[in-house]
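The values are calculated or read from the model by the stated rules, or taken from the named source; none is laboratory data. Everything numeric in this text was worked out from a predicted model, so none of it was measured. Glycine gets a Cβ as well: all are built from the backbone with ideal geometry, and neighbour counts include every protein chain shown.
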Amino acid sequence: MATYVLLDNDNPILRVPLSGLSEDLDRGTLTENLVETMRDYKGIGLSANQCGVMERVFVMYSDVKERKIISCYNPQILEYSENTVDMDEGCLTFPGLWLKVKRPQGIKVEFEDEMGTRQEYQLFGLEARIFQHEMDHMEGTDFTQKVSKLRLDIGLRRQKKMLKKSSNY
């Protein structure tokens, strides 16, 4: 197993929509490496492209309380609930940045697991948010693009203040 280094948030790779998977992809090794990296960085989800791996896959906790992890290859969102929720959201690519993002509360999704088996899940609450957040990475976008410029500027000021404070210790 290996731990990847996360790309800086201004890396152009993060803006490239991912279209699929390599034919010779070792799903088992990639899943292990992504899970190890996610855990090392204390995350709850991680997209391969955040690590510079240009494959349409991410790992996440499908049950945060139980720490159950799923790997999602070629993921799709099939349905969105009408109910939306505003919630603070962060990202491993943007350490210390928290933004209030509005997202559908529930979703129906489909993906292939690391064995190539098609899976279908209904996700709600935090787990639905994680899936949508990681899907944004697959599409070359991120949570900073889901908020107004004013909200982003306020969040960036708070982040800068927090990072400055933590570097003083």
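For segment 12-33, how many residues are touching a residue at least 24 places away in the same chain (Cβ under 8 Å) and either more than 16 Å from residue 112 (Cα to Cα) or in a strand (DSSP E or B) (or both)? Count: 6.
Tell me, please, whether a residue that is of a type in the set (Val, Ile, Thr), buried (at least 20 other Cβ atoms within 10 Å of the Cβ) and under 20 Å from residue 141 (Cβ atoms) can be found in segment 55-73. Looking for residues that are of a type in the set (Val, Ile, Thr), buried (at least 20 other Cβ atoms within 10 Å of the Cβ) and under 20 Å from residue 141 (Cβ atoms), one finds at least one in segment 55-73, hence yes.
Being out of contact with any Asp or Glu (no Cβ under 7 Å at 6 or more places or on another chain), part of a strand (DSSP E or B) and surrounded by 17 or more Cβ atoms within 10 Å (Cβ to Cβ) holds for only one residue in 99, 123, and it is 123.
Table: residues versus (1) of a type in the set (Phe, Trp, Tyr); (2) out of contact with any strand residue (DSSP E or B) (no Cβ under 8 Å at 6 or more places or on another chain); (3) closer than 27 Å to residue 163 by Cα.
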residue: 20; (1), (2), (3): no, no, no
residue: 25; (1), (2), (3): no, yes, no
residue: 32; (1), (2), (3): no, yes, no
residue: 66; (1), (2), (3): no, yes, no
residue: 80; (1), (2), (3): yes, no, no
residue: 101; (1), (2), (3): no, no, yes
residue: 104; (1), (2), (3): no, no, no
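Count of segment 134-151 residues, restricted to those that are assigned to a helix (DSSP H, G or I) and under 27 Å from residue 54 (Cα atoms), is 9.
Just give me the residues in segment 26-38 being loosely packed, with under 15 Cβ neighbours inside 10 Å and not small (Gly, Ala, Ser), in sequence order.
26, 29
In a strand (DSSP E or B), among the charged types (D, E, K, R) and in contact with an Asp or Glu (Cβ under 6 Å, 6 or more places away or on another chain): does that describe residue 89? No.
Look at (1) farther than 16 Å from residue 134 by Cα; (2) at pLDDT 95 or above; (3) not in a helix (DSSP H, G or I) and you find that residue 65 fails only one, number (2).
Could you list all residues from segment 36-50 that are over 14 Å from residue 1 (Cβ atoms) and either part of a helix (DSSP H, G or I) or out of contact with any strand residue (DSSP E or B) (no Cβ under 6 Å at 6 or more places or on another chain) (or both)? Within segment 36-50, 41, 42, 43, 48, 49, 50 qualify.
Screening residue 114 on (1) surrounded by 13 or more Cβ atoms within 10 Å (Cβ to Cβ); (2) in a helix (DSSP H, G or I) shows it passes everything except condition (2).
Selection of segment 4-18 for residues being surrounded by fewer than 15 Cβ atoms within 10 Å (Cβ to Cβ) and either touching a strand residue (DSSP E or B) at 6+ places or on another chain (Cβ under 7 Å) or not hydrophobic (A, V, I, L, M, F, W, C) (or both) yields 8, 10, 11, 12, 15, 17. Of the residues making up segment 74-93, those that are under 19 Å from residue 17 (Cα atoms) and either of a type in the set (Asp, Glu) or crowded, with 16+ Cβ neighbours inside 10 Å (or both) are 74, 75, 77, 91, 92, 93.
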